[in-house]
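A.B. asks: The structure under discussion is supplied below as structure tokens; questions concerning it will follow.
The values are calculated or read from the model by the stated rules, or taken from the named source; none is laboratory data. Worth saying up front: this structure is predicted, and the values here are computed from it rather than measured. When we count neighbours, we look across all protein chains shown, and the Cβ atoms used for this are built from the backbone with ideal geometry, even at glycine. Each accessible area value is taken on the protein alone, full model and side chains, heavy atoms only, with ligands, DNA and RNA left out. Shrake-Rupley method; radii C 1.70, N 1.55, O 1.52, S 1.80 Å.
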Amino acid sequence: MKLEADVIVVGGGPVGLTLACELRLPGLDVLVLERRAERVSNSRGMGMHGRTLEMLGLRGLAQRFRERALPFSVGHFAVLDTRLDFSVLDPQYGVNLAIPQSVTEELLEARAGELGVRLLRGALVHELSQEAEFGQVSAKGEQGGAAFTARAAWLVGADGSRSLVRQQSGIAFEGNPASVYSLLGDVRLGAAPPAGAYTVVNEAGVLMVVPLGDGVHHRVILVDALRCREPQPQPLTLEELAEGARRVAGRDMQMSDALWLSRFSDETRLAAQYRKGRVLLAGDAAHIHMPAGGQGMNVGMQDAFNLGWKLASVVQGRADESLLDSYGSERRAVGQQLLVNTMAQTALLTAFDTRGQALRQLMNGLLRDPATNRALALEVSGFGIAYPASLSLAPDGCRLLEQWTGVRVPDWPLQLAHGGAVPVQCQPQSPQPSQQQASLHTLLHGGRWLYLRLRDDAPATVQAPGEVRVLRATLCEPVPGLEGVAALLVRPDGYADYALA
Ligand SMILES: Cc1cc2nc3c(=O)[nH]c(=O)nc-3n(C[C@H](O)[C@H](O)[C@H](O)COP(=O)(O)OP(=O)(O)OC[C@H]3O[C@@H](n4cnc5c(N)ncnc54)[C@H](O)[C@@H]3O)c2cc1C
């Protein structure tokens, strides 16, 4: 079987599917090769952070995810008692959604289907080759016993932590081997904690219990101080999980009916480069770490939102390949910080002795300071990510307001000089929304650039490596720091490229 596409994505997990949707939106022919014949059914990544939800909102998808999730306005850093307050970060997206990864993948796959992504299930890739002279990459594999060769101009490895794409491309995966081994079970609890999330941290270990969202089961995570330093070769049993949980909680939660039992570690690694020739990496293929604070899938999906429009621009001849280098520089820096943050959490989580508990007590106190709490909440939620090294698209001779370069643009309500956008209300009490009003993110649903002229003296035209929507608009409400801005160029992934004074 021969298959051709503009871009091949190896791996149809949350990152591969997000990327495929982003590439398909501007019209690319995208082929996803996924070895699993069926979608995964286990919960795995349960936490979706506000910035990821907001990025889904940039494409008009946030509501689909909200409808299938439990929202929490707080999160945690290393399970410290003083929680991180996400609610102060954004009025709409200051939440963390508890949503099983299986549901996230189901919704992404449905979206990919609507857009016309070709998803080939049961297709295991086992060999990769870059044919530089022909400007193409080939992936060989098999599906249902039949061999296939797929060819494309570009190939992205979103094939998880053991990434064949990364290995066959000779990209080093640098970092630290596992040192902490934890347990996980999606189980029924006969004696469940009263409501919401329940955590215990003491000298016996760390226990976290959260409802799975099906009204029946709970997710139980255990770092057992007695056993967490040694890898256990045998599969996890319900008895081992229940016995460890009993020691930490000091009571029996009567576990039964395990949907999923698994072990996971704190192995921490980062790809030495995110691109090699015509091959790129995203998600767990590029970064792995302890799943502390629920960040891996979130960072991976945001890799996809960063890469999608850039790769589409290159394929469509709107930008040269150097644009892809900004993917590596922007996202590898985020990956590096993710590793620092999760290693720090691991150190705090496994500080079981009296001195360690004292350190946790001290950290709890520091997190009561709103500024410190906000700083960590920004980091864990993804709202703090910025790309201050601009793509330098601003016209020569214009004065820039540097504080806006590379920062996330919130969903401001706008008054448009010309209609054509999805209406929203500036005044909540006004009876009918005006056709001249729109919220900023609705203007990005199509995945194009957005050039907002906020004053009449702003330049009327703009250069960008992609299709740009140009609109004359005013803000419905004043935004601090935006008073002096004449025009704002917003990237398809919702970050400002520049603001003109
Ligand atoms: C216990 C636990 C809890 C977690 N909790 C969270 C959380 O709350 N929030 C969060 O953000 N993250 C969490 N994570 C991390 C999250 O699960 C991962 O970061 C996420 O799955 C990465 O997505 P991905 O698409 O990059 O890789 P994967 O989900 O691993 O998907 C890769 C896909 O590639 C396919 N594939 C692999 N090799 C091939 C091949 N050769 N040919 C074809 N297909 C191939 C696989 O079948 C798979 O479908 C958690 C992880 C664990 C273990």
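A.B. asks: Take Gln337 and tell me if it is part of a helix (DSSP H, G or I), over 24 Å from Val32 (Cβ atoms) and assigned by TED's automatic domain parsing to the domain that holds Leu97.
C.D. replies: The answer is yes for Gln337.
A.B. asks: Let me ask something additional. Take Gln130 and tell me if it is at pLDDT below 95 and either more than 22 Å from the chain's Cα centre (by Cα) or under 30 Å from Gln63 (Cβ atoms) (or both).
C.D. replies: Considered against the rule, which asks whether it is at pLDDT below 95 and either more than 22 Å from the chain's Cα centre (by Cα) or under 30 Å from Gln63 (Cβ atoms) (or both), Gln130 comes out as yes.
A.B. asks: Looking at (1) over 20 Å from Glu379 (Cβ atoms); (2) out of contact with any Asp or Glu (no Cβ under 6 Å at 6 or more places or on another chain); (3) not acidic (Asp, Glu), which one does Ala282 not meet, given that it meets all the others?
C.D. replies: So Ala282 meets the others, but not (2).
A.B. asks: I'm trying to understand the selection: among the residues of segment 284-302, which are open to solvent by less than 10 Å² (accessible area, probe 1.4 Å) and touching a strand residue (DSSP E or B) at 6+ places or on another chain (Cβ under 6 Å)?
C.D. replies: Those that are open to solvent by less than 10 Å² (accessible area, probe 1.4 Å) and touching a strand residue (DSSP E or B) at 6+ places or on another chain (Cβ under 6 Å): Ala285, Ala286, His287, Asn298.
A.B. asks: For residues in segment 477-487 being assigned to a loop (DSSP other than H, G, I, E, B) and modelled with pLDDT of 95 or more, which is nearest to Pro459 (Cα to Cα)?
C.D. replies: Ala486
A.B. asks: Kindly provide the set of residues from segment 144-161 that are among the aliphatic types (A, V, I, L, M) and farther than 21 Å from Asp303 by Cα, ordered by number.
C.D. replies: Matches in segment 144-161: Ala146, Ala147, Ala150.
A.B. asks: Restricting attention to segment 98-143, and to residues there that are open to solvent by 40 Å² or more (accessible area, probe 1.4 Å), under 25 Å from Met301 (Cβ atoms) and free of Cβ contacts under 8 Å to residues at least 60 places away in the same chain, which single residue is farthest from the ligand (Cβ to nearest atom)?
C.D. replies: Glu114
A.B. asks: While we're on this one: What are the residue pairs meeting all of these: first residue in segment 275-287, first residue at pLDDT 95 or above, second residue among the acidic types (Asp, Glu) and open to solvent by 10 Å² or more (accessible area, probe 1.4 Å), Cβ atoms under 8 Å, and 6 or more apart or on different chains?
C.D. replies: Arg275/Asp325; Ala285/Asp159
A.B. asks: Does Gly113 satisfy the criteria of being in contact with a His (Cβ under 7 Å, 6 or more places away or on another chain) and outside any strand (DSSP E or B)?
C.D. replies: Against the criterion (in contact with a His (Cβ under 7 Å, 6 or more places away or on another chain) and outside any strand (DSSP E or B)), Gly113 does not qualify.
A.B. asks: What's the number of the only condition in (1) part of a loop (DSSP other than H, G, I, E, B); (2) surrounded by fewer than 17 Cβ atoms within 10 Å (Cβ to Cβ) that Gly447 fails to meet?
C.D. replies: (2)
A.B. asks: Also: Please go through segment 184-217 and pick out each residue that is of a type outside the set (D, E, K, R) and more than 28 Å from the chain's Cα centre (by Cα).
C.D. replies: Leu189, Gly190, Ala191, Ala192, Pro193, Pro194, Asn202, Ala204, Gly205
A.B. asks: Would you check which residues across segment 1-60 are open to solvent by less than 20 Å² (accessible area, probe 1.4 Å), more than 12 Å from the ligand (Cβ to nearest atom) and part of a loop (DSSP other than H, G, I, E, B) and list them?
C.D. replies: Once the filter is applied, which keeps residues that are open to solvent by less than 20 Å² (accessible area, probe 1.4 Å), more than 12 Å from the ligand (Cβ to nearest atom) and part of a loop (DSSP other than H, G, I, E, B), segment 1-60 yields Leu28, Leu58, Arg59.
A.B. asks: Among the residues that make up segment 236-259, is at least one of them away from the ligand (no atom under 13 Å from the Cβ), buried (at least 19 other Cβ atoms within 10 Å of the Cβ) and in a strand (DSSP E or B)?
C.D. replies: Yes, segment 236-259 has at least one match.
A.B. asks: Applying the selection to segment 378-394, what residues are surrounded by 13 or more Cβ atoms within 10 Å (Cβ to Cβ) and in a loop (DSSP other than H, G, I, E, B)?
C.D. replies: Gly382, Phe383, Gly384, Ile385, Ala386, Tyr387, Ser390, Leu391, Leu393, Ala394
A.B. asks: Could you check, for segment 168-188, whether at least one of its residues is under 30 Å from Ser138 (Cβ atoms), in contact with a Gly (Cβ under 8 Å, 6 or more places away or on another chain) and assigned by TED's automatic domain parsing to the domain that holds Leu124?
C.D. replies: Yes, because at least one residue in segment 168-188 is under 30 Å from Ser138 (Cβ atoms), in contact with a Gly (Cβ under 8 Å, 6 or more places away or on another chain) and assigned by TED's automatic domain parsing to the domain that holds Leu124.
A.B. asks: Let me ask another. Looking at segment 68-97, which of the residues that are part of a strand (DSSP E or B) and open to solvent by 30 Å² or more (accessible area, probe 1.4 Å) is farthest from Val340 (Cα to Cα)?
C.D. replies: Top of the filtered list is Leu70.
A.B. asks: Just need a number here: residues in segment 303-334 that are within 16 Å of the ligand (Cβ to nearest atom) and open to solvent by less than 10 Å² (accessible area, probe 1.4 Å).
C.D. replies: Total meeting the criteria: 8.
A.B. asks: Here is a check on your reading of the model: is Arg355 open to solvent by less than 60 Å² (accessible area, probe 1.4 Å) and among the basic types (Lys, Arg)?
C.D. replies: no
A.B. asks: Based on what the data block shows, is Pro91 free of Cβ contacts under 8 Å to residues at least 24 places away in the same chain and outside the structural domain of Pro410 (by TED's automatic domain parsing)?
C.D. replies: yes
A.B. asks: Search segment 150-171 for residues being over 20 Å from the mean Cα position of the chain (by Cα) and open to solvent by 30 Å² or more (accessible area, probe 1.4 Å), and hand back the single one that is nearest to Lys310 (Cα to Cα).
C.D. replies: Ala153
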